[in-house]
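Novice: Following this message is one structure expressed as structure tokens.
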Amino acid sequence: MNRRSFLTTTAAGLAAGLAHPASAQSVPDAIQKLRPMTDGIQPITDGERRARIEKARKLMRENKLGALVLEGGSSLYYYTGTRWPQSDRTFAWVLPAAGEPAWIVPEADQERARQAIRMSTDLRAWKEDEGPYKKLGQALKGALKGAGRVGIEERVRFAVFDGLRKEAPAVEFVSGDPVTIGCRVIKSPAEIALLQRANDITIAAYKAAFTTLHNGMPQRELSANISAAYRALGAPGNAMIIFGKFTAFPHGSIQPQTLHEGDVVLVDDGCTVEGYQSDITRTTVFGKPTERQRQVWNLERKAQDAALAAARPGAACESVDAAARKVITDAGFGPGYKVPGLPHRTGHGIGLDGHEWTNLVRGNKTRLEPGMCFSNEPTIAIYGEFGVRLEDCMYITEDGARMFTRQSPAIDQPFG
């Protein structure tokens, strides 16, 4: 799907797709029987985070960066293990190419910050009447030692960047993507293991919730059942629910929907384990599928298979998209990104964010490497009829791509 905002696809998605938690009395038996699947999880160690910092510094030197600036978000968590929400009071981390990183924090929050920060003890608190930029500028001056460029991580807000460049007009500010993406796009074995657990939990949640399908079911009920399943399994998660002709819209519709015999059912999203995300879509039919539904579903599965086979080390990202798209266009859909057909990329990177760099899309010539992780989700959208998306995530190995989850074998067997 599109970026992690897909958890709240539209205003109706909030109302119909992401329901309030169900009461214990209303939770179906299949979900009440679920037990946590989070035992034995191994979090990312401080040693691995330190290795990430050293890799970042190596990439900084290669890209002639003297420092990197980050705010709260997934990259900050990736390097430090620190979670801090963004607010009007700037909380930032300055990683120099050499020397100790500095934390720039609001004075009112410095004691809480001392409890939260990791990977460095250099904490610099700014006062309300002076703002954060003098402290940030001083940290950069010390990091640069009079020379060098500064990388800005992609989640740093413009207001923070603007205040910083006014405080330090002689500094050249550039994108920090070569560092953060250069680190995060290749997953370690520990990250792969966390992603695997998140995917396993998602399948378990979907499988239990699919047993609750019934005629007249509103979207919100199925969504609530999936959320309840995630809670029972020990991992927070949500689901986007689409029924019938609205499954042709890849990211849902503003129209509330109820389930009827013969409707296509599309469920998409995932959960998080130690910050690592799953993203799985299952498409089935409530009742007996028509021949048309079977044919389109089978074509979609062939497209997913083609993407999986094409995702090998050294292959360009766009070649994976092309392989899946060719199956669909050869069957008379499209061409290209036109509907009816596959209107979006075949896949996106995944890790601490549900949608990360890099994408399996036309024009992306990035070469696949072992450790990269992607969704594999070609879609067939037929407006006025229905849509089918099969989405499993995969990781690249020396021998090719491997799915985290078993693919759906048939339209009436979403889990085998």
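Novice: Just the number, please: carbon plus sulfur as a percent of the accessible area of the stretch 229-286, 1.4 Å probe, no ligands or DNA/RNA counted.
Specialist: After summing per-atom areas, the C and S share lands at 56 percent.
Novice: Leaving out ligands and nucleic acids, and using a 1.4 Å probe, what accessible area per residue does the stretch 160-222 come to in Å²?
Specialist: 39 Å²
Novice: Okay, moving on. Mind checking which of 287, 32, 315 is farthest towards the positive end of the chain's charge dipole, using Cβ charges of +1 (Lys, Arg) and -1 (Asp, Glu) about the Cα centre?
Specialist: Positive-most Cα among the choices belongs to 315.
Novice: Continuing with the same structure: I need the calculated FRET efficiency for the pair residue 413 and residue 154, taking r as the beta carbon distance and R₀ as 30 Å, to the nearest 0.05.
Specialist: 0.15
Novice: Quick check: pseudo-label points 7 Å beyond the Cα along Cα→Cβ at residue 51 and residue 326, how many nm apart are they?
Specialist: Modelled inter-label distance: 3.7 nm.
Novice: Hey, got a sec? Which chymotrypsin sites (Phe, Trp or Tyr not before Pro) in the stretch 240-349 land in a DSSP loop and have at most 15 other Cβ atoms within 10 Å?
Specialist: Here the sparse-neighbourhood loop sites are 337.
Novice: Using Cα pairs under 8 angstrom and six or more residues apart, how large is the relative contact order of the chain, in percent?
Specialist: 16 percent
Novice: Then there's this: Could you tell me the calculated FRET efficiency between residue 214 and residue 166, based on Cβ-Cβ distance and R0 = 45 angstrom, to the nearest 0.05?
Specialist: Efficiency computed from Cβ-Cβ geometry: 0.15.
Novice: Based on Cβ point charges of +1 for Lys and Arg and -1 for Asp and Glu, what charge dipole magnitude is obtained for the stretch 97-139 about its Cα centre, in debye rounded to the nearest 20?
Specialist: My answer is approximately 140 debye.
Novice: Top mean-square fluctuation among 386, 158, 374, Gaussian network model of the chain, C-alpha springs under 10 Å?
Specialist: Among 386, 158, 374, the largest mean-square fluctuation in the Gaussian network model of the chain belongs to 158.
Novice: Treating the beta-carbon of each Lys and Arg as +1 and of each Asp and Glu as -1, no other charges, what is the dipole magnitude of the stretch 248-307 about its Cα centre, to the nearest 20 debye?
Specialist: Its charge dipole is roughly 320 debye.
Novice: Between their Cα atoms, which of 245/288; 207/302; 187/302; 134/166; 127/166 are more than 21 Å away from each other?
Specialist: Pairs exceeding 21 Å: 207/302; 187/302.
Novice: For residue 135, list the aspartates and glutamates whose Cα falls under 13 Å from its own Cα; do not include residues on the same chain fewer than 8 positions away.
Specialist: By straight Cα distance, residue 135 reaches 107, 122, 167.
Novice: Build a GNM of the chain with springs between Cα atoms under 10 Å: which of 189, 236, 101 gets the top mean-square fluctuation?
Specialist: 189
Novice: What length, rounded to one decimal in nm, is gained on full extension from residue 122 through to residue 312, with 0.36 nm per residue of separation minus their alpha-carbon distance?
Specialist: Roughly 64.1 nm would be gained on extension.
Novice: Dipole size in debye (nearest 20) for the chain around its Cα centre, Lys and Arg Cβ +1, Asp and Glu Cβ -1?
Specialist: Charge dipole of the chain: 660 debye, to the nearest 20.
Novice: Per DSSP H run of at least 4 residues, take -39500 (n - 2.57); add these up for the chain, divide by its residues and hand me the 222 nm value, nearest 500 deg cm²/dmol.
Specialist: Only helices count here, giving -10000 deg cm²/dmol.
Novice: Another question, then. For the chain, report the % of Cα-Cα distances exceeding 35 Å.
Specialist: 34 percent
Novice: Considering the options 258, 247, 168, tell which one lies farthest towards the positive end of the dipole of the chain, charges being +1 on Lys and Arg and -1 on Asp and Glu at the Cβ, about the Cα centre.
Specialist: 168
Novice: For the stretch 238-347, what size does the Cα cloud have along each of its three principal axes, sorted from largest down, in whole Å?
Specialist: Largest first, the stretch 238-347 extends 45, 43, 24 Å along its Cα principal axes.
Novice: Springs between alpha-carbon pairs under 10 angstrom, Gaussian network model over the chain: which of 244, 270, 354 fluctuates most?
Specialist: 244
Novice: If I stretch the segment between residue 173 and residue 30 completely, what's the gain in nm (0.36 nm per residue apart, minus their alpha carbon distance), one decimal?
Specialist: 46.1 nm
The values are calculated or read from the model by the stated rules, or taken from the named source; none is laboratory data. Keep in mind the model is a prediction, meaning the values are calculated, not measured. A quick note on method: Cβ atoms are made from the backbone with ideal geometry, for glycine too, and the neighbour counts reach across all protein chains shown. When the accessible area is computed, the model is the full protein with side chains, heavy atoms only, and any ligands, DNA or RNA have been set aside. Shrake-Rupley method; radii C 1.70, N 1.55, O 1.52, S 1.80 Å.
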